[in-house]
Amino acid sequence: MAHPRCMGKMLRYFESHRLFEKNLRLSPNINYGQPYRKNEKDIPRICVLYYRRGANELYYEIEVFVDILLAEYCLREIVQREKLLKSKILLAERNGYKEAGCHEELIQLLRQYSKAEYDLYVAESRLPIGPVHKSYHTLRQNPVRFLRPELVEDCKARGGCCGRTCGCCRTRHEQSTRPKGLGHCTPSCECCINERGFEYSPEEITSFAEDFKNQLQDDNPAYIVQMADISFLLPLATKGDKSSRQNQQQGGNFNRRKGIFRKR
Ligand SMILES: [Zn+2]
Ligand SMILES: [Zn+2]
Ligand SMILES: [Zn+2]
């Protein structure tokens with residue numbers, strides 16, 4: 001559960017912007033990820049998410065979402081690794097010796113950060129203009145967007161700081177000097193490493209990123225649909241919501257997306 005102070009911030013932000021997205025919900029295509037036969041023709045594996053707007057359906061190749069999610073993951077990993085290395089250097093200095101290896105890795109990380117930032121820029125530029133583009137960029141203007149309950153639960157389930165009382169995730173945006181790479185714990189989170197009692201090897205860290213990519217590209221669309229929903233779309237308004245009721249009086253739809261996070 002997000003910290004009340006952060007939830008308040010999120011609500012105020014979206015209330016002040018009054019941003020609405022009507023019925024925005026992404027669904028996988030029929031026979032997602034499976035080759036099949038239609039009218040005696042072989043149809044190859046197709047992986048797209050779509051939403052319906054009136055008579056129109058808008059389709060997105062999943063790579064559009066996968067590339068952005070991976071670039072963001074990569075930035076998070078780098079930013080958390082940077083914090084870890086800086087702590088190690090500080091500790092070494094206090095104890096009167098030099099962590100030469102950490103200094104070298106820090107220089108490498110700066111290069112990786114620039115590269116990942118550029119990768120994210122390129123991936124974002126491929127997101128087609130439309131409601132998903134709009135809601136994605138609206139979310140990104142909110143520094144505590146990643147404290148929505150679904151992502152907090154995901155962090156908990158992965159054994160991250162949201163499952164403990166340390167509060168690392170909910171204060172990360174206040175402590176980071178980086179404009180990008182905010183979010184929940186990765187294998188390089190310093191606090192998680194202290195809790196676990198060991199650091200993952202570079203190979204293990206790479207394999208975590210690979211696993212994330214494989215999950216997103218799986219033939220079963222459950223994970224990509226969930227991640228696209230919580231990372232690209234504003235939360236759905238709930239039935240009891242005041243603005244939703246006003247909308248109903250105006251002949252609107254209950255399930256439209258509203259620009260605030262749902263209270264729990
Ligand atoms: Zn922590
Ligand atoms: Zn952590
Ligand atoms: Zn977390």
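The values are calculated or read from the model by the stated rules, or taken from the named source; none is laboratory data. As the structure is a prediction and not an experimental result, all values here were calculated from the model. Every residue, glycine as well, gets a Cβ built from its backbone with ideal geometry; the counts of neighbours run over all protein chains shown.
For this structure, a couple of remarks:
- Of the helices (runs of 4 or more DSSP H) that lie entirely inside segment 118-232, those containing 3 or more residues that are in contact with a Leu (Cβ under 9 Å, 6 or more places away or on another chain) and surrounded by 18 or more Cβ atoms within 10 Å (Cβ to Cβ) span 131-140, 168-175, 222-232.
- Of all residues making up segment 175-195, the number that are more than 20 Å from Gln112 (Cα to Cα), away from ligand 3 (no atom under 12 Å from the Cβ) and at pLDDT 95 or above: 3
- All positions within segment 185-218 that are away from ligand 1 (no atom under 16 Å from the Cβ) and in contact (Cβ under 8 Å) with a residue 60 or more places away in the chain: Ile205, Ala209, Phe212, Lys213, Leu216, Gln217, Asp218
- Residues of segment 160-174 that are without any contact (Cβ under 8 Å) to a residue 60 or more places away in the chain and over 18 Å from Glu117 (Cα atoms): Gly160, Cys161, Cys162, Gly163, Arg164, Thr165, Cys166, Cys168, Cys169, Thr171, Arg172, Glu174.
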